[in-house]
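The values are calculated or read from the model by the stated rules, or taken from the named source; none is laboratory data. Source: prediction; values computed, not measured. Using ideal geometry, Cβ is built from the backbone for each residue, glycine included, and neighbour counts are taken over all protein chains shown.
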Amino acid sequence: MQKTLVSGSSVSLLSTHTLTHTLTHTSSSPSLLHLTRHYSLLFRLSCSPISLTFSLPPKFLTFVSPVDLQSSMVRFRVPKGDMPPLEAVDRDQAGGLGEMMDLMVNCWDQQPSNRPHFLETGLVHLRIVLVGKTGARKSATGNTILGGEGFKEDSSPESVTVQCEKQSGEVDGRKIDVIDTPGLFDTSVTIEKMKCELERCFYMSVPGPHVFLLVIRLGRFTPEEQNTVKWIQENFGEEASKYTMVLFTGGDQLRKKSVEQFVGESVNLQNLISKCGGGYHSVINDSDSSANPDQVPELLKKIDEMVMKNGGQHYTNEMYQEVQRKIEEEEERKKEEERKKKEEEIKKQEEAIRKREEEEMKREEELRKIEEERRKMEEERQEERRKRRGGRWKKRSRRNWFKRVFNL
């Protein structure tokens, strides 16, 4: 049996793959659901069923749902067969389990009002994908979220981000990955190139993003931006709408008006936001982050709430692959329809040619018959002329004979 100490909590790892967790901290208990989730992740490296047992001192029982209690012992059974294959990113998370437990237990010491919001969801690693039209300031927004200058920013009307780029950082004690994407509807980016970048986007956000932030610059709401949700649904599927939130940049342009008032004045914006599940936020991309210290925590809180609304799930590569499979099937169906249509057109053309050839053959046959009739008539006339000439010769001969006889 191997025994380690994690964040003031005694953790025993038995050869029978049974883990016993005894909380010794003097404050309160972290969410048992979250502890179970992360310990399950750790044990997915094993090959046997997992038994998780949480042993709680009586002072902690007020923090645990009575449904979970069983003689002051909380037990969880996690069948190995129900677990999906362990991915590389899960191994990284399992490797950092002790660090995560330190964070959770230490943060739990704080007053409830000061605790990071992600402790309620257990979302200690957040993955964000930025999408939007060129000029929406996606790169600047990524820097604002991470509190750094990792993404290159430029005021040029040309897209600064020509391929997907990932930057990571720690915000309020948790790791955040931000993936910036090329500008939508950029005429300089081909469909094939955009598809390639979408593949890169999911590779960078494995096992999948928790949220697509649709970045829109205030005062520049164009017809193309009205179609961005449709673009997301066409490329990521209908399910992607549940994982999409509208993020307005240039919040300083609101002046004394709130973003809620601004949205309330535009039916088009309301329709756009409703297609994204109603979530939206605004930020000011200022180099001085201290001027707006609450905008990023509020954004992350809204993202956490959206993730909880989605059952704690993220958009997965399987969802994307399923969408791509349907897109490919639709493209194949269209190609097949186009092929059949061309074949029909070729058949019609061939039929028309065949009919013309038949008609030409009929006309030629008719002309041949007419020519034959003309030839016959000509022969008959010539024969008639010969007969008439022959008759006149006989009469002339007879007449001459009589003349010769009588002259004698």
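Kindly provide the set of residues from the range 176-211 that are buried (at least 18 other Cβ atoms within 10 Å of the Cβ), in a loop (DSSP other than H, G, I, E, B) and in contact with a His (Cβ under 8 Å, 6 or more places away or on another chain), ordered by number.
Once the filter is applied, which keeps residues that are buried (at least 18 other Cβ atoms within 10 Å of the Cβ), in a loop (DSSP other than H, G, I, E, B) and in contact with a His (Cβ under 8 Å, 6 or more places away or on another chain), the range 176-211 yields Gly208, Pro209, His210.
Among the residues of the range 125-136, which ones are assigned to a loop (DSSP other than H, G, I, E, B) and either surrounded by fewer than 24 Cβ atoms within 10 Å (Cβ to Cβ) or outside the structural domain of Gly173 (by the TED database) (or both)?
Passing the criteria: Thr134, Gly135.
Select, from Glu298, Glu332, the only residue that is surrounded by 12 or more Cβ atoms within 10 Å (Cβ to Cβ) and not in a loop (DSSP other than H, G, I, E, B).
That would be Glu298, the only listed residue that is surrounded by 12 or more Cβ atoms within 10 Å (Cβ to Cβ) and not in a loop (DSSP other than H, G, I, E, B).
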